[in-house]
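The values are calculated or read from the model by the stated rules, or taken from the named source; none is laboratory data. No experiment lies behind these values; they were computed from the predicted model shown. Positions of Cβ are generated from backbone atoms using ideal geometry, with glycine treated the same way; all protein chains shown enter the neighbour counts.
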(Lines give C-alpha, C1' and ligand atoms only; values in the text may rest on other atoms or scores of the structure.)
Protein backbone atom coordinates (compact mmCIF):
# COMPACT_ATOMS: atom_id res chain seq x y z
CA UNK A 1 0.00 0.00 0.00
CA UNK A 2 2.86 2.37 0.81
CA UNK A 3 4.35 1.72 -2.65
CA UNK A 4 1.01 2.61 -4.29
CA UNK A 5 0.76 5.89 -2.36
CA UNK A 6 4.34 6.78 -3.31
CA UNK A 7 3.72 6.11 -7.02
CA UNK A 8 0.44 8.07 -6.85
CA UNK A 9 2.06 11.14 -5.31
CA UNK A 10 4.92 11.06 -7.82
CA UNK A 11 2.65 10.73 -10.88
CA UNK A 12 1.70 13.74 -13.02
CA UNK A 13 -1.51 15.70 -12.58
CA UNK A 14 -2.64 14.90 -16.12
CA UNK A 15 -2.38 11.18 -15.43
CA UNK A 16 -4.40 11.60 -12.21
CA UNK A 17 -7.11 13.52 -14.10
CA UNK A 18 -7.28 10.84 -16.82
CA UNK A 19 -7.53 8.09 -14.20
CA UNK A 20 -10.31 10.03 -12.45
CA UNK A 21 -12.17 10.47 -15.74
CA UNK A 22 -11.93 6.76 -16.53
CA UNK A 23 -13.14 5.79 -13.04
CA UNK A 24 -16.00 8.33 -13.32
CA UNK A 25 -17.10 6.99 -16.71
CA UNK A 26 -17.02 3.39 -15.47
CA UNK A 27 -19.02 4.24 -12.33
CA UNK A 28 -21.45 6.41 -14.31
CA UNK A 29 -22.16 3.58 -16.75
CA UNK A 30 -22.37 0.77 -14.20
CA UNK A 31 -24.30 2.48 -11.38
CA UNK A 32 -26.11 5.53 -12.81
CA UNK A 33 -28.70 5.57 -10.01
CA UNK A 34 -26.14 6.98 -7.54
CA UNK A 35 -26.19 10.74 -8.07
CA UNK A 36 -23.32 11.35 -5.67
CA UNK A 37 -20.86 9.91 -8.20
CA UNK A 38 -21.00 13.15 -10.20
CA UNK A 39 -20.32 15.41 -7.21
CA UNK A 40 -16.49 15.40 -7.47
CA UNK A 41 -16.70 16.18 -11.18
CA UNK A 42 -19.12 19.05 -10.58
CA UNK A 43 -16.88 20.43 -7.84
CA UNK A 44 -13.86 20.20 -10.16
CA UNK A 45 -15.63 22.03 -12.99
CA UNK A 46 -16.97 24.70 -10.62
CA UNK A 47 -13.45 25.20 -9.23
CA UNK A 48 -12.11 25.65 -12.77
CA UNK A 49 -14.83 28.20 -13.50
CA UNK A 50 -13.90 30.10 -10.36
CA UNK A 51 -10.16 30.10 -11.08
CA UNK A 52 -10.27 30.85 -14.83
CA UNK A 53 -11.06 34.60 -14.62
CA UNK A 54 -8.35 35.12 -12.02
CA UNK A 55 -5.82 33.25 -14.15
CA UNK A 56 -6.72 35.26 -17.24
CA UNK A 57 -6.41 38.51 -15.32
CA UNK A 58 -3.01 37.53 -13.92
CA UNK A 59 -1.73 36.38 -17.32
CA UNK A 60 -2.81 39.59 -19.04
CA UNK A 61 -1.37 41.71 -16.22
CA UNK A 62 1.90 39.82 -16.33
CA UNK A 63 2.16 40.12 -20.11
CA UNK A 64 1.42 43.84 -20.04
CA UNK A 65 3.91 44.52 -17.27
CA UNK A 66 6.70 42.88 -19.25
CA UNK A 67 6.14 44.92 -22.42
CA UNK A 68 8.38 47.80 -23.37
CA UNK A 69 6.98 51.29 -23.70
CA UNK A 70 5.28 53.88 -21.59
CA UNK A 71 2.15 53.64 -19.52
CA UNK A 72 0.02 55.22 -22.28
CA UNK A 73 1.03 52.44 -24.67
CA UNK A 74 -0.02 49.81 -22.11
CA UNK A 75 -3.40 51.40 -21.47
CA UNK A 76 -4.00 51.69 -25.21
CA UNK A 77 -3.47 47.93 -25.50
CA UNK A 78 -5.76 47.26 -22.54
CA UNK A 79 -8.57 49.40 -23.92
CA UNK A 80 -8.24 47.88 -27.41
CA UNK A 81 -8.30 44.34 -25.99
CA UNK A 82 -11.29 45.21 -23.79
CA UNK A 83 -13.27 46.72 -26.67
CA UNK A 84 -12.41 43.84 -29.00
CA UNK A 85 -13.37 41.16 -26.47
CA UNK A 86 -16.60 42.97 -25.53
CA UNK A 87 -17.59 43.36 -29.18
CA UNK A 88 -16.76 39.71 -29.88
CA UNK A 89 -18.79 38.53 -26.87
CA UNK A 90 -21.77 40.66 -27.94
CA UNK A 91 -21.54 39.38 -31.52
CA UNK A 92 -21.41 35.76 -30.37
CA UNK A 93 -24.39 36.36 -28.06
CA UNK A 94 -26.48 37.90 -30.85
CA UNK A 95 -25.59 35.13 -33.31
CA UNK A 96 -26.33 32.52 -30.64
CA UNK A 97 -29.71 34.06 -29.85
CA UNK A 98 -30.67 33.92 -33.54
CA UNK A 99 -29.41 30.36 -34.00
CA UNK A 100 -31.02 29.01 -30.82
CA UNK A 101 -34.25 30.94 -30.42
CA UNK A 102 -36.07 30.37 -27.15
CA UNK A 103 -39.74 31.06 -26.60
CA UNK A 104 -40.79 32.90 -23.49
CA UNK A 105 -43.73 31.18 -21.85
CA UNK A 106 -44.21 33.89 -19.25
CA UNK A 107 -45.82 36.41 -21.58
CA UNK A 108 -47.96 33.82 -23.35
CA UNK A 109 -49.55 32.63 -20.11
CA UNK A 110 -50.16 36.04 -18.57
CA UNK A 111 -53.86 36.57 -17.80
CA UNK A 112 -53.66 40.19 -18.94
CA UNK A 113 -51.60 42.15 -21.38
CA UNK A 114 -49.04 44.64 -20.21
CA UNK A 115 -49.96 46.93 -23.08
CA UNK A 116 -53.65 47.26 -22.15
CA UNK A 117 -54.92 50.22 -20.10
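The residues on offer are 28, 20, and the sole one that is on the phi < 0 side of the Ramachandran plot and in contact with a helix residue (DSSP H, G or I) (Cβ under 7 Å, 6 or more places away or on another chain) is 28.
Listed here are the residues, each with its yes/no results for (1) surrounded by 10 or more Cβ atoms within 10 Å (Cβ to Cβ); (2) closer than 21 Å to residue 17 by Cβ; (3) without any contact (Cβ under 8 Å) to a residue 60 or more places away in the chain.
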{"site": "29", "(1), (2), (3)": "no, yes, yes"}
{"site": "34", "(1), (2), (3)": "yes, no, yes"}
{"site": "41", "(1), (2), (3)": "yes, yes, yes"}
{"site": "55", "(1), (2), (3)": "yes, yes, yes"}
{"site": "62", "(1), (2), (3)": "no, no, yes"}
{"site": "79", "(1), (2), (3)": "yes, no, yes"}
{"site": "87", "(1), (2), (3)": "yes, no, yes"}
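Check region 23-32 and report whether any residue there is outside any helix (DSSP H, G or I), farther than 30 Å from residue 75 by Cβ and over 23 Å from the mean Cα position of the chain (by Cα). Among the residues of region 23-32, at least one is outside any helix (DSSP H, G or I), farther than 30 Å from residue 75 by Cβ and over 23 Å from the mean Cα position of the chain (by Cα), which makes the answer yes.
Pairs linking a residue in region 1-23 that is modelled with pLDDT of 85 or more to a residue that is surrounded by 11 or more Cβ atoms within 10 Å (Cβ to Cβ) and outside any helix (DSSP H, G or I), with Cβ atoms under 8 Å and 6 or more positions apart or on different chains, do not occur. Being surrounded by 10 or more Cβ atoms within 10 Å (Cβ to Cβ), without any contact (Cβ under 8 Å) to a residue 24 or more places away in the chain and more than 26 Å from the chain's Cα centre (by Cα) is the requirement here; does residue 75 meet it? When the stated conditions are applied, residue 75 passes them. In summary, residue 50 fulfils each of the numbered conditions (1) loosely packed, with under 10 Cβ neighbours inside 10 Å; (2) at pLDDT below 85; (3) closer than 30 Å to residue 17 by Cα with the single exception of condition (2).
Of the residues contained in region 58-67, one or more are found to be at pLDDT below 85 and not in a helix (DSSP H, G or I).
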